[in-house]
Amino acid sequence: WWVPLPLREGSPDELRMFEYGSRLKSCNDMPAKLPVDRGLGKHASKNVNNRMTFSSGQLDIWQEAKDGCPVNADPFLPWVHDMFPDATGSVIHFVAQNKRRCNSGKVHIDDILALQPQVTILQPVSVKRIDETTAKSLAPELWSPTNEVSNSTRYRLAPHEEADSDAMFTRFICRFRAMDYATTPPFLVNVGETLSTYPFNYEFVNYRKELGDLSMLTPKGKDNPMFWLSQLKFDCPVPDNGDLRSMIASGEGVLSDGTPSVYVDVIPIRTAPRYGKRMSYFTPDMAGDSLDV
């Protein structure tokens, strides 16, 4: 069941962009107006007794991304329901749900298969930071940014023994930006980039279930009853950059009208899903030198 994902050759300009600023205007609107769905009473389809599907063409994933939620259009995106900093301002907590579990049954099987990445992002990966030159040598056809941002960090998948110490079990790149009000007009500047962490290892929790070769993901969607995979929690460490953390902790990063001055981009690291316990990805101290299934 291992299928490599295609190499990214297109530029960001070729991607479809959806903005939700018209509904999420300030920090005071969160989390009530996050793009989770179209809003109370405006659902494209019901979550209960629902017979309409995206795969049949009855529903349009792009229209849903515009009016409601982008996850059906790009299921590697976390279906975020809430986000908030810790008391020290050193971590941003995210709470998401597994959208794959919203519907079940044969009528929804194609939608369930399309939403496999909702489980994939519950599975940690390990990565190593590399520079642009190394990235191009490894994958010459990979899209490369312009010279102005050629110093941006790249990442490659790596085994645990080669991965960076803070990248052993991660899934998202967290890119922090802050508004520079010293210029006219103000604009966002990058203030640091970190890698996400999990509060616990979902794959290891699933592995410890004494239910044979219990896979987090099954080709026919039989994993939907696994309620312990219904919620995704992950954290974005805030870069230790000047007074950034103290500004977040004190709330000074939010203006009086609720306008934020600090933003975080959450970029998923896209990989194929892992099936079965034998494809579980652990370090020897977690599960021994070999997996016992």
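Once you have the Cα-Cα distance between Asp74 and Gln231, take 0.36 nm times their residue separation minus that, and quote the gain in nm to one decimal.
Roughly 54.7 nm would be gained on extension.
Which of Lys25/Lys106; Lys106/Lys128; Lys66/Lys136; Lys42/Lys106; Lys99/Lys136; Lys136/Lys277 have a Cα-Cα distance over 31 Å?
Lys25/Lys106; Lys106/Lys128; Lys66/Lys136; Lys99/Lys136; Lys136/Lys277
Round to a whole number: what % of the accessible area of the chain belongs to carbon and sulfur, probe 1.4 Å?
54 percent
What accessible surface, in Å², does a 1.4 Å probe find on Leu77, ignoring ligands, DNA and RNA and rounding to the nearest 10?
That residue has around 50 Å² of solvent-accessible surface.
The stretch 18-89 to the stretch 230-293: how many Å between their Cα centroids?
The distance from the Cα centre of the stretch 18-89 to that of the stretch 230-293 comes to 20 Å.
Might you report the magnitude of the Cβ-based charge dipole of the chain about its Cα centre, with Lys and Arg at +1 and Asp and Glu at -1, to the nearest 20 debye?
Roughly 1220 debye for the chain.
Ordering Phe187, Phe204 by how much accessible area each has at a 1.4 Å probe, largest first, what is the list?
Phe187, Phe204
What FRET efficiency, computed as 1/(1 + (r/R0)^6) with R0 = 30 Å and r the Cβ-Cβ distance, is obtained for Leu157 and Ser11, rounded to the nearest 0.05?
Plugging the Cβ-Cβ distance into 1/(1 + (r/R0)^6) gives 0.85.
Starting from the 7 Å offset along Cα-to-Cβ, what nm value, one decimal, do you get for the label separation of Met279 and Ser246?
According to this spin-label approximation, the distance is 4.8 nm.
Below 15 angstrom from the Cβ of Gly253, what's the summed charge of the other residues (Lys, Arg +1; Asp, Glu -1)?
Counting the neighbours of Gly253, the net charge comes to -3.
Where does each of Thr134, Thr194 land when they are ordered by accessible area, with a 1.4 Å probe and the largest first?
Heavy-atom accessible area, descending, gives Thr134, Thr194.
If we restrict to alpha carbons, what Rg and Dmax does the stretch 153-225 come to, in Å?
Computed over the Cα atoms of the stretch 153-225, radius of gyration and Dmax are 19.2, 62 Å.
The values are calculated or read from the model by the stated rules, or taken from the named source; none is laboratory data. None of the values given here were measured: they were computed from a predicted structure. Reconstructed Cβ throughout: ideal geometry from the backbone, glycine too, with neighbour counts over all protein chains shown. Note: accessible area is taken over every heavy atom of the protein model, side chains too, but ligands, DNA and RNA are not part of it. Shrake-Rupley method; radii C 1.70, N 1.55, O 1.52, S 1.80 Å.
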